[in-house]
Structure formats: C-alpha cells, structure tokens
Amino acid sequence: MSRVAVLKGGRSLERQVSLRSGARVEDALERLGHDVVPVDVGVDLIERLRAEAPDICFVALHGRDGEDGTVQELLEILDLPYTGSGVPACARAMDKVLTKHMLVEAGIPTPDFFAFTQMAFRELGAADTLPAIEQRLDFPIVVKPSSQGSALGIKFARAASDVPAALVSAFSYDARVLLERYVKGRDLAVSVLDGEAGPLALPVVEAVPREEDFYDFEARYEIGRTEFICPADLPEGVSDRAAELALATYDVLGLHGFGRVDLMLDETDELYVLEADPIPGLTDTSLLPMAAEAADIGFDDLVGQILELALARAPRV
Amino acid sequence: MRRAADEEDFVSSDPRPPSRSTSRDLERYAGLFASRTKVMKSSAMRDIMAVTARPEVISLAGGLPDTSSFPPETFAAVTARIAEQACAKALQYGPTEGLPETKDCIAEVMAAEGMRVDHDDLIVTTGGQQVIDLVTKTLIDPGDVIVAEGPTYPGAVPVFHAYQADVVQIDMDGEGMRVDQLEQRLDQLDREGRKPKFIYTVPSFQNPAGVTMSLPRRKRLVEVAAERELLVLEDNPYGLLRYEGEAPEPLYALDGGVYVMYLGTFSKILSPGIRLGWVAAPPPVLEKINLGKQEADLCTSTLSQLMVQAYFEIGDWRDYVRSLTAIYRSRRDAMLDALADYFPPQAEWTRPGGGLFIWATLPDFIDTDDLLVRALRDNVAFVPGSGAYLDGRGHSSMRLNFSGSDEERIREGVRRIGEAIKEQLELYGTLTGELEAVRSEPEDEAGTEEPGGRVVELRRREDRPRRAGGS
C-alpha cells in the first residue's frame, strides 16, 4: 500500500475533465487499498505535498501545467516519484509543432503543416507567405493552437478568406499555431501502456461523431454524443500498422508509463499521426480505459499498473 | 497525519463496490438516457466558464445582484420575526400555488409597475427559472415552435432544448423585438402549417441585449398575440431596476392577462438566494402549470415565502430597490465610460437604461468563445454571445454584467478585454494586409444612424483621440 496524492483540476481549460479523471482514479486507488490524498492543483501545491508527504503522485491533470511538464518539474525538485511521462517527454508531446517535426525526422507520416508564432505575423511579415501555404496545403486547412489539448481552438478554413479569422481564434489559445493539411477519413486513437515487456499498443479505438462533422471537445467528453468502436473494424493490416506507428511515436517522444496517439486513416488506407497525448483522459468516456478494457485490462488494473510502473521507475531510498 | 491514515485503513477495509468497467458503464448509462437528453448540451463553454470562477478573475460574466448591499440587521429582523410569529408554519409544507400573504407582496410589486393581479391569477414558484420550465412543460410537445428574441436569455436555452422545442429567434433593434419580422415569420410558419405555442420575451432591459421594447412595439405585440391566439411569456426580472426615463407599460397590463403570461421574481429586487418567483397566467393555463408545479416540487419554500412577507412588513421594500438602483446606475455608467475609453472603434454596444447587462458586438472575424480564452489569460471573463442563440449566431458578441463588480473592477476588466480585442484586431489586420484599417479611426457612422436599422441598438465609441499604448 502506498500513500498516493492524486493531482487533478488545476487552472487549465480542461479542469473539469481532469477533476473527473482524478475522481475516478481515486476510487480505483482506494479499491486497490492505497491511501489516497486528492489534491486540486493550485497555488498551495508545494505546501500541500510537503504536508501530506505522499509516497508518489498520480498526475491526472490535462492541458496546461499538468501535461506540459511544469508540474512534473516541480515534482522532480521535491524528489517525489510520479506517474506517466517525464518532463522532456511532456514538453515534447504538448507541443504539437515540435512533435510533428520529430515525427517527420523519424519518418513517421504526419499531415503536411506549417507553424507560425504571432510574432512572425506581426514583426516578420509572415502573412505574405499565406497564399503560398494555402496552395501547398490545399483547402480545407486545419488551423490549431500548438499546445492546446482536446479540440479547443481548432478551426477549419474552407477557403482562403477563412484563414485569418481561424488564425486569430487559434492564437487565443497559444502564441504558436499550426496550419495542417486536412486528412479526410477515419478518426483513430491508439493507447499505449507500458509493461514489463515494454510498451504495448492497446486495441485501436475509432471515434465516430453522431452529429457534428468534426470530433469536437463536447463530443469527446459526453456520453452519447460520439460512438466509440473498439476494437475498430479496420481493413486488413491497418490495425497492426496503426499500432506500429503509435509505438514509434511513443518511442520518438520518449513517453513513459502510458499515453495515447491520435491518427487519421485516409480514404486510400494511409495512416497519419496527428499528435500524442502524454496524459490522456481517464474519465468514463475516455479512450484509454476503453482500449484497456478491450485488452481485458479493467480500470483498476490499469490504474494499478500505471502506479506500479512509476514506483518501479523511481525506487526511493 | 498517522491518524488520518489509520482512518483510511479502516475505511478501506469496508466492502467496496466492485471494479467498474468503462465501456459497460458507458453503454449501461447511455442506454438509459431519455431521448430528450441528446439535445441537452453541456457545452465546452460550461467547462471554460468554471475557470471564470477563480478568485483572481474579474468576472463580468455572471448575472449576480449585489447581495452585499442588503442590510444584515434587516435579515436578522426578518428571521427573528418568523421565529416568533410563524415558526411551525415556516417549517411546514404549503399550498402548491403559494401562500396568500406572499401573493399580497407580489400584487404590491406588480402594482408598482402598473399591473393589477388577483390571488387566483398567481402561482408562487421556485425562482423565475421555474416559470420558464413549467410554461414550457405545459405547452410544448417535441418539435413545437417557441418564438424568442435573438439573442435570448441564455438560461432559457437549455430549458427549450430539454423539451425539444424548435426555437425561432427574431432579431432585435433599439426598440426590442422586431415585431414586423415576427409577423413575417408567423406568416411563414403558418404557410408551413406550424403554429408557435408561445412567444418568449424579456421586454425590459433584456438579458442579454440590454434593450427595452418600445411602447408601440408592445402594443403591436399584444395585438398580434390576440389576432393569432398565441400566448406570450413576458419575463420581467429587471423592470424595477430602471436608471433613467419612464417605464413603458408591461405587456401584461396592456393585454389584461388574456394572452400574456407574466413571470416575476424577487431575485433582482430582494435576493436570488431565496429562490422566489411567480407566474400570472390565464386560469386554464395556470391550472395546468399548477399541476406541473405539484409534480415538480409540491410547493415553493414556505420559509422563503414568509421571509418575503416579513420583509415587506418590516420596512419599505422600495427603499432597497432604490439603493440598488443607485448602485447599479453608477456601475453601468462606469462600464459605459470604460467601453468608450478602452474598446476599439470597431466595437458596438448597447446602452441600457436599466437592468444588469450590456451587449457588445465585435467585427465578425472575432469569435468571442476563443476571445474569452484569451481574456482569461489576463484574468477577466464575460459571457460569449453564442450561448444566447440556438442557431449558431452570436459568435462575435458578448454579454457584460455591471451589477456584480464595483466601478474600479469594471473599469479594469473592460480595459483588459479591450486590450485583448485590440490584439486580435491588429493580428487580423496584419494577416489580411488591412492593418491600416485598425490603426486609423473609421468614420463614426453609428451616431447618425436611424434607430432600428441594426440588430440591436448599437453605439460606437465616441470619436476621441486614440490613446497611446496598446500592444
């Protein structure tokens, strides 16, 4: 039995989702017999952790602070072991632009893209390159903030005249945005769980939105809005290929413990990696728990395994 | 600390529910939901709005009355009086339609706005919100049409969704709902063989637009309702919070309670915490509402009803309304001044003569859902306009509340939002090569514009020299 601080909530826009992930993890940890300390992450985080003196932290934060390595850095300083990926991997995965550069370098297919900072437009005249970019990416173009989780701030530009407003929206979330070629096709997610034998790709989940033409934030977290199929019914070889790409992505980014890789399957059965999530949702509508279950790993076992890995990684004196 | 852990040990030795599995959970619950919940949207915006509740955020988002201005000694006197005189009664159930003594207070409030009402015409409800729910429940089958203003009260939207109403939104201008447009839409619906069940309107200091329906429009609306035999739900929480000018007659007074149902509330003139509202409606409708009320919650809190009665006996309730009016007038003025100083010339906003809200509209390339996220980085919040429409409009508008913050915070909040807007305007200008349009003053057209030409009564920033600074 360990004393486990469950870090949740925080200031990110995904606060509510994180609270739900955290609550569910707490229940599982209690069922596993651990001593659970719920911590809503705020200005008193360090104080709380010092007072509570947990053996380990379960990081159930999503979005800014929790997933970008900030909180992990603090935990390192406090010498507290924690679940999931380390600081550099979080920083890489949370940055969609950096992730995509690394994917390209590693030969992992990802949709063509261009990235800009707000400064490039304001001070370097980057706007003049937009026509050339639009020509190379072809419409519709996906415009998204580099660091936002979920689907917040993502816009589709269907014509050149949509691009400036889409950029303005995306810049509301982050100082850097990316313009990405739209891949029309099926929305897949491969969750990865580390084990004794190394990282294991769980069965592929396909997200099929029921109403909207885009798998958005609301659909992602609401029961009944999106249909999830797991294991996804895919053409021969596609599941294996998706697993292979997910594991390669996981490896390239240096993720640890668990994670989720989002992919698109286009109409010619080509797969593209969109991004990786170092702390995917653990709510009752989240994809990682669903995929784990399809692999006969119940939620408690999933949480237990993530915790064991973290304890094993950082044996304490 | 050890003790706490020991207790945890003890607790965890209790039998626990068995481990639950994810997709079975999903299926188990999803299969149980009523089909109407599919249209009940708990939006991403709600998650974002949760962030606005942080203490460091200047929130111009809420619709909160300033309850700190209520004298605690009055509150103490009210409760002491109930304890002395009506303790057992206050703790007991009451009649579904409400207590007669509370209805006397309601009649007094309605008389103050020029309305006459009998006890038999009234049901006391759990806040005004319950009236919207009960009226919709009473009148709407799935697919039935409700006519509302565009924008409409964001709190009515989930109710209309829940009963699967088809909501038609009619534009507003400086004189409130465009009744000419309403008639056209009614004709059109008629041709489609569809008849709306009721027209929902907030005619005075509308939430969120802050505009007030003119008397000619009110008269015409009441005529239209009578001609076509349609009910109207007049939602009037703010009528008594008037900061200038004369009040036009309520629809209920104009129509005499034949086709107009009236929603009133003590939330804005006394306290939202007591959850006390009321509905006045034609007897056959009221009867059905009464049944709905009975099944919803049997009766409105007797304690709250007696608090109102005691409060009305102890002093003059109008004094408190007068003090609120003075406070809010000053805050409204502070917000209007701040908007003039800090919002860019491309922004337009309403100038409400009362109520709690100002509605501002930005160029259509700015999405206020996203702008809110940007503004939250600077610890300031507003309500994005999209929540006031059911048809995808409103994305470039915002609702600003001036009743819940003092003048200094209002000014600072508006300044921060203004900076965020300017940043986005400049960025857009850079992206489209129209930067000049941002840097120079556009012509001030709004001042000469005929009222009624715009969606809402709009006011551009006064022509004054641009301030230095701004990133």
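The table below gives the values:
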| read-out | value |
| --- | --- |
| Loop GluC sites (Glu not before Pro), the range B:228-279, which have at most 15 other Cβ atoms in a 10 Å radius of their Cβ (DSSP) | B:Glu229, B:Glu244, B:Glu246 |
| Among A:Ser286, A:Ser147, A:Ser161, residue whose mean-square fluctuation peaks in a GNM of chain A (springs only between Cα atoms under 10 Å) | A:Ser161 |
| Within chain A: Cβ-based charge dipole about Cα centre, in debye rounded to nearest 20 (Lys, Arg +1; Asp, Glu -1) | 840 |
| Mean-position separation - Cα centroids, the range A:152-208 and the range A:7-28, in angstrom | 22 |
| Computed helical MRE - 222 nm, the protein assembly as shown, DSSP H runs ≥ 4 contributing -39500 (n - 2.57), nearest 500 | -12500 deg cm²/dmol |
| Selection from B:Ile146, B:Gln130, B:Pro71, by position along the positive dipole direction of the range B:68-151 (Cβ) | B:Pro71 |
| Neighbour cut-off at most 11 other Cβ (10 Å), DSSP loop, chymotrypsin sites (Phe, Trp or Tyr not before Pro), the range B:56-160 | B:Tyr93 |
| Length-normalised contact order of chain A in % [C-alpha pairs under 8 Å, at least 6 apart] | 20 |
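Quick note: the coordinates plus some simple rules give every number you see, no bench work behind them. Owing to the predicted nature of the structure, the values given are computational and were not obtained by experimental measurement. Note that each Cβ is placed from the backbone with ideal geometry, even for glycine, and that neighbours are counted across all protein chains shown.
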